[in-house]
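The values are calculated or read from the model by the stated rules, or taken from the named source; none is laboratory data. Computed from a predicted structure; not experimentally measured. With ideal geometry, Cβ positions are generated from the backbone for all residues, glycine too; neighbour counts draw on all protein chains shown.
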Amino acid sequence: MPAQGKQLALDNIGTAAETAERPKVSCADMQNFNFPILLLTGERSQKGYGMMIAAMRRCKPDIPAPLIVPNGTHLMHRDNPEFFNKSVLDFLNQQ
């Protein structure tokens, strides 16, 4: 990671730490979602993200399968911006 990106991550670590407050969303909450959902994950993302997506889809089976960003990690928007941007814009244009 470039020095600038590393510093940004270190500066913001408190907002991403496991102890940070995050809203809790239950399966019942998800079943009430009545809006389009786009799931994206990187081809090289950590396994935990795929597990989270699978859990979401078990709660709400009509959520489409995620798009896999080639050569992407959790920073897929940086790893493959062309694919990421096109996927998001295509999704938005369909709505």
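Structural remarks
- The criterion of at least 3 residues that are closer than 23 Å to ASN80 by Cα and modelled with pLDDT under 75 is met, among helices (runs of 4 or more DSSP H) falling completely within region 1-40, by 3-11.
- ASN85 being crowded, with 16+ Cβ neighbours inside 10 Å, more than 27 Å from LYS24 (Cα to Cα) and more than 13 Å from the chain's Cα centre (by Cα): no
- Among the residues of region 46-70, those that are within 24 Å of ASN32 (Cα to Cα) and in a loop (DSSP other than H, G, I, E, B) comprise LYS60, PRO61, ASP62, ILE63, PRO64, ALA65, PRO66.
- Scanning region 71-85 for residues that are part of a loop (DSSP other than H, G, I, E, B) and more than 10 Å from SER45 (Cα to Cα) returns a single hit, ASN80.
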